[in-house]
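Beneath this line is the structure, given in structure tokens, with notes to follow.
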Amino acid sequence: MTNTATDLRLRVRPSHQRGHVDAGWLKTAHSFSFASYFDRNNMNFHNLRVMNDDWIDPAAGFPMHPHENFEIFSYMLEGALAHEDTMGNGSTVHKGGIQFMSTGSGVQHSEFNPSSTEKTHILQIWLIPDRKNTTPRYEMMDLGDAERDGKLQLFLSHDGRNGSIRTEAAADVYSGKLNGADTISFELNDERAVYVHVARGEVQINGETLSEGDAIDAEGQGQLLLNNGKDAEVIVFHLSPRH
């Protein structure tokens with residue numbers, strides 16, 4: 001733990017401490033207890049329940065399977081992901097895109113890498129909703145480079161503001177890119193917490209150097225300062241009080 005003069009409590013989560021699983025067609029790193037990786041002391045952080053870093057082989061993927069009462073999105077880093085579900089949706093999302101499902105009362109879906117030659121790299125993320133058994137929803141959006149260079153783009157929020165996707169979770173989720181002299185600050189001034197995952201590159205957060213796959217969580221009050229980025233891409237979660 002690192003404490004600042006502003007009572008901001010930080011914890012670095014190194015990439016190598018994640019649960020690493022090789023299923024042949026799927027290579028993944030679990031930031032939280034999931035599937036064959038179990039850690040009763042690392043089930044979630046506030047209402048962030050799943051952060052899976054997945055590499056999917058060409059023409060491979062997840063066959064139709066059910067979900068309920070989770071807010072699930074795929075954050076595309078490389079390649080493409082083809083989606084079908086029992087709501088009648090069929091679509092393909094590419095690098096720089098977001099694929100979101102509010103699973104509510106229940107839905108089934110499949111996800112496959114449609115390429116016969118290229119791997120797909122995604123972050124699959126689950127949030128715990130505040131309301132259960134709502135009507136399932138599916139949405140997609142593309143993240144913009146201009147909206148993220150040296151700043152944060154809100155793409156998922158509890159109220160759907162500023163063109164973001166609305167989620168049933170008490171959470172706001174941002175994507176940002178930093179390089180060179182770029183600086184991003186984020187203020188914590190209430191009971192909510194922040195979790196930052198480094199999707200690519202390298203960045204300093206309050207003086208801690210983090211690389212791809214590393215994360216940091218923050219509770220208390222004070223300012224998170226992100227700077228000294230080297231082709232860095234980060235996802236910033238502003239989460240509900242302890243869930």
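Consider T120 carefully, then state whether it is hydroxyl-bearing (S, T, Y) and over 22 Å from N69 (Cβ atoms).
For T120, the condition - hydroxyl-bearing (S, T, Y) and over 22 Å from N69 (Cβ atoms) - is met.
Just to be sure before I move on: is D182 in contact with a strand residue (DSSP E or B) (Cβ under 8 Å, 6 or more places away or on another chain), farther than 25 Å from N228 by Cβ, among the charged types (D, E, K, R) and modelled with pLDDT of 95 or more in the structure I sent?
It is false that D182 is in contact with a strand residue (DSSP E or B) (Cβ under 8 Å, 6 or more places away or on another chain), farther than 25 Å from N228 by Cβ, among the charged types (D, E, K, R) and modelled with pLDDT of 95 or more.
Tell me, which residue of region 141-167 that is in a loop (DSSP other than H, G, I, E, B) and among the small types (G, A, S) is surrounded by the fewest Cβ atoms within 10 Å (Cβ to Cβ)?
The qualifying residue surrounded by the fewest Cβ atoms within 10 Å (Cβ to Cβ) is A146.
Among the numbered criteria (1) crowded, with 20+ Cβ neighbours inside 10 Å; (2) under 23 Å from V50 (Cβ atoms); (3) aliphatic (A, V, I, L, M), which single criterion is violated by L178?
Among (1) crowded, with 20+ Cβ neighbours inside 10 Å; (2) under 23 Å from V50 (Cβ atoms); (3) aliphatic (A, V, I, L, M), the lone unmet condition for L178 is (2).
Looking at region 204-242, which of its residues are outside any strand (DSSP E or B), on the phi > 0 side of the Ramachandran plot and touching a strand residue (DSSP E or B) at 6+ places or on another chain (Cβ under 6 Å)?
N206
Identify, please: which residue in region 1-16 is among the polar types (S, T, N, Q), surrounded by 12 or more Cβ atoms within 10 Å (Cβ to Cβ) and not in a loop (DSSP other than H, G, I, E, B) and is, among those, modelled with the lowest pLDDT?
Among residues in region 1-16 that are among the polar types (S, T, N, Q), surrounded by 12 or more Cβ atoms within 10 Å (Cβ to Cβ) and not in a loop (DSSP other than H, G, I, E, B), the one modelled with the lowest pLDDT is T2.
For region 17-28, which residues satisfy the criterion of being touching a Phe, Trp or Tyr at 6+ places or on another chain (Cβ under 9 Å) and either in a loop (DSSP other than H, G, I, E, B) or not β-branched (V, I, T) (or both)?
Residues satisfying the conditions are R18, G19, H20, L26, K27.
Against the condition crowded, with 21+ Cβ neighbours inside 10 Å and either polar (S, T, N, Q) or in a strand (DSSP E or B) (or both), how does G201 come out, does it pass? Steps first, please.
Values: crowded, with 21+ Cβ neighbours inside 10 Å: no; either polar (S, T, N, Q) or in a strand (DSSP E or B) (or both): yes.
So G201 does not fit the description; no.
Answer yes or no as to whether L127 is of a type outside the set (D, E, K, R), crowded, with 17+ Cβ neighbours inside 10 Å and either without any contact (Cβ under 8 Å) to a residue 12 or more places away in the chain or under 24 Å from I56 (Cβ atoms) (or both).
Working: of a type outside the set (D, E, K, R): yes; crowded, with 17+ Cβ neighbours inside 10 Å: yes; either without any contact (Cβ under 8 Å) to a residue 12 or more places away in the chain or under 24 Å from I56 (Cβ atoms) (or both): yes.
When the stated conditions are applied, L127 passes them.
With the requirement that a residue be touching a strand residue (DSSP E or B) at 6+ places or on another chain (Cβ under 9 Å) and surrounded by fewer than 20 Cβ atoms within 10 Å (Cβ to Cβ), what does region 111-122 give you? Can you show your working first?
First, pick out the residues of region 111-122 that are touching a strand residue (DSSP E or B) at 6+ places or on another chain (Cβ under 9 Å): 111-115, 118-122.
Within region 111-122, F112, P114, S115, E118, K119 qualify.
On the basis of being under 17 Å from the mean Cα position of the chain (by Cα) and modelled with pLDDT of 95 or more, does E212 make the cut?
The answer is yes for E212.
On the basis of being without any contact (Cβ under 8 Å) to a residue 12 or more places away in the chain, crowded, with 16+ Cβ neighbours inside 10 Å and not in a strand (DSSP E or B), does N69 make the cut? If you could, list the steps in order and put the result at the bottom.
Numbers: without any contact (Cβ under 8 Å) to a residue 12 or more places away in the chain: no; crowded, with 16+ Cβ neighbours inside 10 Å: yes; not in a strand (DSSP E or B): yes.
When the stated conditions are applied, N69 does not pass them.
Residues A23, A59, A29: which one is touching a residue at least 12 places away in the same chain (Cβ under 8 Å), more than 22 Å from L239 (Cβ to Cβ) and aliphatic (A, V, I, L, M)?
Details: A23 fails: touching a residue at least 12 places away in the same chain (Cβ under 8 Å); A29 fails: more than 22 Å from L239 (Cβ to Cβ).
Just a single option satisfies the conditions, and that option is A59.
The values are calculated or read from the model by the stated rules, or taken from the named source; none is laboratory data. None of the values given here were measured: they were computed from a predicted structure. Here the Cβ is made from the backbone with ideal geometry for all residues, glycine too, and neighbour counts use every protein chain on show.
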